[in-house]
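Take a look at the structure below.
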Amino acid sequence: MSTNGVDLNGHGIKNTPYLSENQSQAFLAAHADEAPPAGKKLKVCVGGGGGFIGSYIAKRLMAEGCYVVAADWKENEFMKPQEFCHEFHNFDLRILENCKKVTDGCHHVYNLAADMGGMGFILSNQSVLLYNNTMISFNMLEAARQNGAKRFFYSSTACVYNEDLQKDPENPGLAEHMAWPAKPQDGYGLEKLYAEEMALAYAQDFPLKVRVARYHNVYGPRGTWKGGREKVPAAFCRKACASETEFEVWGDGKQTRSFMFIDDCVHGSIKLMYSDCGIPLNLGTDEMIDMNAFAKLAMGTRGKDLPIKNVPGPLGVMGRNSDNTMIKEKLGWAPSISIKDGMQVTCDWIHDQIQQEAATASQDLAKYGTSEVVVQKTDTLDALDRKSVV
Ligand code: NAD
Ligand code: GDD
């Protein structure tokens, strides 16, 4: 593990080359025209602030001197609100009125809220997530405009890319222009691509600077690790802790991905928000690995080397990697934390979670050696009529 740089979140990983440790202060110093009145802090709203990435971004912005308003329809599982924000609002962000309340007076708005998960969620929940995410994305953007926010960050995804370019596991890297002509692999990617376009149109028509990051599979401590919404890094960490005789991998394991550790995601998101880059940017590493090799790497963090059992499951695309030419050009930086370092930290954290559960309740460890697929339910849609406007 490298010792250069700064340990952003106390994870013990210090290999991100930081241009400025305190990006918020550097931004304010360089943009007097966008700074709040003297004595006032930059006020920031983080939609989805109760979630994995949103809570990290909120926590970092608070540490950098911003006044942070976090909004989510659930509280963060692992931190109390005061650990990552000044105000926490338990609101349904599909509703414009709620979005307006939480963005009131905010200079910057980050939208990290989405009905979201890995392949065990996205492919089996298309209708509900299409509705929910479309409503959130449109209403957070419009609320930011109505409240006169200066900048808006949208968390898009590598799922926007054309699936025809992701059939070969030897993916050479997806460059930003490859999202068009559009043919995303699932409804989630299409909804994200449309929300990107809407945000870019707002930037053209209104005095709102829009920044769009296309995240490539983000992982780390405090991410979802069980229940079916978890992505493969957390699923493999959990299996590495729980499996004793064999290690289950959905598909033939030849499918490839690149993965970004949370510290790189936080740093890159804030750096992009404060940049002059008005086009969507990949935010991911270009360290591509196939799922069988990834399973072995995860097992290695627990000192195991079990036989792999390839089982049927939802697969997504066959090959995906980030082309980082554009981000290096625009930001002079790219994510760099290695999968090996990031996975060690993440697997250690999931191991602790499992131990904590075992200490408080009887535990069926065997169930953690397998992954669930989430069955679609309409409860969030049905709730719209009843309780959404807080
Ligand atoms: P997450 O599920 O941990 O966070 C999303 C948050 O949004 C959750 O806390 C959820 O409760 C909240 N939310 C959902 N619907 C809501 C509603 N109607 N009202 C209020 N809050 C609502 O997921 P994450 O990994 O932190 O993802 C953050 C963003 O990044 C999402 O937009 C996601 O699509 C995007 N993204 C993530 C990844 C990844 O690998 N984690 C990859 C690509 C894109
Ligand atoms: N989740 C999961 N769980 N995936 C597994 C498992 C398992 O136990 N075993 C093998 N896989 C395989 C999947 O079949 C898929 O081929 C690959 O690992 C990656 O799965 P995910 O991590 O669930 O999703 P993804 O990389 O296809 O897409 C994720 O990243 C996108 C951004 O890059 C999702 O989180 C998307 O929402 C996100 O936008």
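Data for the structure
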read-out	value
Cβ charges +1 (Lys, Arg) and -1 (Asp, Glu), total dipole of the stretch 266-319, debye	320 debye
Within a Gaussian network of the chain (alpha carbon springs, distance under 10 Å), most fluctuating of 33, 115, 252	33
Under 5 Å, built H, 5+ apart or other chain: amide partners of residue 248	309
Long-range HN-HN contacts of residue 157 with modeled amide H, under 5 Å	215
Sites matching GluC sites (Glu not before Pro) across the stretch 17-84 that sit in DSSP coil, with at most 13 neighbouring C-beta atoms within 10 Å	21, 77
Global size of the chain as Cα Rg and Dmax, reported in angstrom	20.1, 62
Relative contact order (%) - the chain, alpha-carbon pairs under 8 angstrom, separation at least six	18 percent
About the Cα centre, charge dipole magnitude for the stretch 27-383 (Lys/Arg +1, Asp/Glu -1 at Cβ), debye	520 debye
Total formal charge among the other residues, if their Cβ is under 13 angstrom from that of residue 84, Lys/Arg +1 and Asp/Glu -1	-2
Mean residue ellipticity (222 nm) of the chain, computed from DSSP H runs ≥ 4 via -39,500 (n - 2.57), nearest 500	-11000 deg cm²/dmol
Debye, to nearest 20: dipole size of the stretch 100-196, +1 on Lys, Arg Cβ, -1 on Asp, Glu Cβ	540 debye
Dipole of the chain, positive direction: furthest Cα of 139, 358, 149, with charges on the beta-carbon	149
Cysteines without a disulfide-compatible partner [the chain; Cβ-Cβ under 4.7 Å]	66, 85, 99, 159, 241, 265, 277
Among 333, 241, 308 the positive-end extreme of the charge dipole of the stretch 27-383 (Cβ point charges)	333
Stretchable slack from residue 383 to residue 304, in nm (0.36 nm times residue separation minus alpha-carbon distance)	23.9 nm
Beta bridge orientation in the chain: antiparallel %, DSSP, nearest 5	10 percent
Contour minus Cα-Cα distance for residue 74 and residue 367 (0.36 nm per residue)	102.9 nm
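Quick note: the coordinates plus some simple rules give every number you see, no bench work behind them. Everything quoted here is computed from the prediction, not taken from an experiment. Every residue, glycine as well, gets a Cβ built from its backbone with ideal geometry; the counts of neighbours run over all protein chains shown.
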